[in-house]
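Starting off with a structure, shown below.
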Amino acid sequence: MDNKKIAAATVAVFTYIKTQEEAAYFAAQAGGVNGVEMSVEKTGIEKSSRFSAWANAGRLNQMQQNTMMLMQVR
C-alpha cells in the first residue's frame, strides 16, 4: 500500500478519535448525562447551535472533498 494512503488513513482515524474525545469532553462540561440533556434555560444555547461531532465531521469531509476536486489535475 502506498505510504500516502497509509498516512491519510492514520490521520483520519486519529482525527475521528480526537473528535469523539472532544465531544465527550464538551458533554461532560455541559453536565447532562449524554451531554445534550440540559435545557436551553440553563445553558442559554439553542438546540441548533450545540456542538455536534457528527455534523462537524461531515462538514470537514465536504470541505476536504471540495478541496480535492479543486486540486484535481485535468
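Computed from the coordinates by the stated procedures, all read-outs in this text should not be read as laboratory data. Just so it is clear, the model here is predicted, and its values are computed rather than measured. All Cβ positions, glycine included, derive from the backbone under ideal geometry; neighbour counts span all protein chains shown.
How much length would be gained if the chain were fully extended between Q72 and T10, taking 0.36 nm per residue of separation minus their Cα-Cα distance, in nm to one decimal?
Numbers: separation 62, 0.36 × 62 = 22.32 nm, distance 2.24 nm.
So the chain would gain 20.1 nm between Q72 and T10.
A further question on this structure: Testing the spin-label approximation: label points 7 Å from Cα along Cα→Cβ at D2 and W54. State their distance in nm.
Here the answer is 3.2 nm between the modelled labels.
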